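What follows is a set of notes on a single structure, which appears directly below.
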Amino acid sequence: MTEIHRDDRLFVDEKTNTLPDNFKKKIIVEYHKRLKNQSRREANLYLLNISEHIESAVLSRLSLKTLNADEDDLKILAESEAQECIFIWQSSNSESLKKPYKRILSFMASRGIQPSGLKEGPSTSDMLSIIRHSIRKSWWLSNLRTRQNRDIEIIARTLNFVKKNAEIYASDLNVRRRRWQKQKQHEFLENMLVTNEEGLSFLLSEMKATSVSNPAIRKAELMVRCRGCEDYAKSKGHISLFITLTCPSKYHRAYSTSGDPTKNWNGSSARDAQEYLKT
C-alpha cells in the first residue's frame with residue numbers, strides 16, 4: 001500500500017476522523033488506490049470531494065461529531081444537552097413561555113433535531129410539553145440515537161455504499177447497531193418481572209412473546225388481514241391489482257443492476273423519497 005505523504009497526513013485525518021471506523025476504512029482504501037494508480041493530487045481531490053458531500057448531506061455540524069459516538073458518548077451528550085435546556089428555561093425572566101420555547105427550539109435545531117407534534121400556533125400547553133421534553137436526558141438520548149442512525153444512513157447512501165451488490169437496503173453498520181440494540185432490549189426484558197392481580201409473576205420477555213410485539217405474531221396477523229381482504233374482494237367480484245410506485249431517477253443514488261452512481265441523483269435522501277411518494 002502506497003504511504004500517505006507526510007504533508008497530507010493531517011489533511012487525511014481531519015477529513016475522516018469524525019466518520020464511523022468502517023466508513024473511514026473504505027474511504028482510505030479508495031484514497032490509496034488513487035494514490036497508487038493516479039496521483040497524490042487526485043487522491044486528495046477525491047477526499048476533499050467526499051468530505052464536501054458528507055458535510056452537505058448531514059443537517060447539523062454537531063452530527064459530524066456524533067457519527068462515531070458509542071452509547072456511553074451519547075449518554076454523556078444527552079445529559080449535557082438536557083442541562084443546557086434547563087439553563088435556558090431557568091434563565092428566562094419572561095413570564096411568557098414563548099421566549100424560552102423559541103430558544104429551546106433553536107437549540108434543538110442546531111443539533112439537527114426537530115421534535116414531533118410542532119404546531120404553527122402552539123398553545124401554552126403545547127409549549128410546556130416541548131420544554132418538559134427538552135430537559136429530560138432520556139428524551140435527548142432517544143433523539144440523538146435517531147439522529148445518529150439517520151446521519152449514518154445518509155452518509156452511507158451519499159458515498160454509494162448502500163446498493164444491490166454491496167450493503168443492501170441499509171448500511172451494514174446500522175444493521176449491526178440495530179441487532180445490538182435488540183439484544184440489549186431482550187436482556188433487559190429477561191431480567192424484569194411483571195406480577196398480575198392474582199400474584200402470578202412472568203418475565204417481560206415471555207409477555208412480549210405472546211403479543212404483537214413478537215414479529216412472528218405481527219406477520220401472522222398481517223397475513224390474516226390480507227387473506228380477509230382477498231376473500232372479501234372475491235365475494236364482491238373484484239379483481240386484484242398490485243401496483244409498485246417508484247421515484248424519478250433524481251431520487252436514486254445508484255443504478256439497480258450495476259450499482260454505479262447515477263448522474264441524475266440530486267442528493268436526495270431516503271426520507272426525501274418517502275416524502276415524494278406521500279404527495
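Listing for the model above:
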quantity: Condition broken by Asn68, with the remaining ones in (1) in contact (Cβ under 8 Å) with a residue 24 or more places away in the chain; (2) exposed (fewer than 12 other Cβ atoms within 10 Å of the Cβ); (3) part of a loop (DSSP other than H, G, I, E, B); (4) not aliphatic (A, V, I, L, M) satisfied; calculated: (2)
quantity: Selection count where residues are among the hydrophobic types (A, V, I, L, M, F, W, C) and either modelled with pLDDT of 80 or more or part of a helix (DSSP H, G or I) (or both), scope segment 56-65; calculated: 3
quantity: Single match in Leu19, Leu35 (criterion: buried (at least 18 other Cβ atoms within 10 Å of the Cβ) and farther than 21 Å from Glu153 by Cα); calculated: Leu35
quantity: Residue that is surrounded by the fewest Cβ atoms within 10 Å (Cβ to Cβ) [pool: residues in segment 95-109 that are within 16 Å of Ile135 (Cα to Cα) and of a type in the set (Ser, Thr, Tyr)]; calculated: Ser106
quantity: The lone exception for Arg145 - which of (1) modelled with pLDDT under 90; (2) within 20 Å of the chain's Cα centre (by Cα) it fails; calculated: (1)
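The values are calculated or read from the model by the stated rules, or taken from the named source; none is laboratory data. Remember, it's a predicted structure, so these values are computed and weren't measured experimentally. Cβ coordinates were reconstructed from backbone atoms using ideal geometry, including for glycine residues, and neighbour counts include every protein chain displayed.
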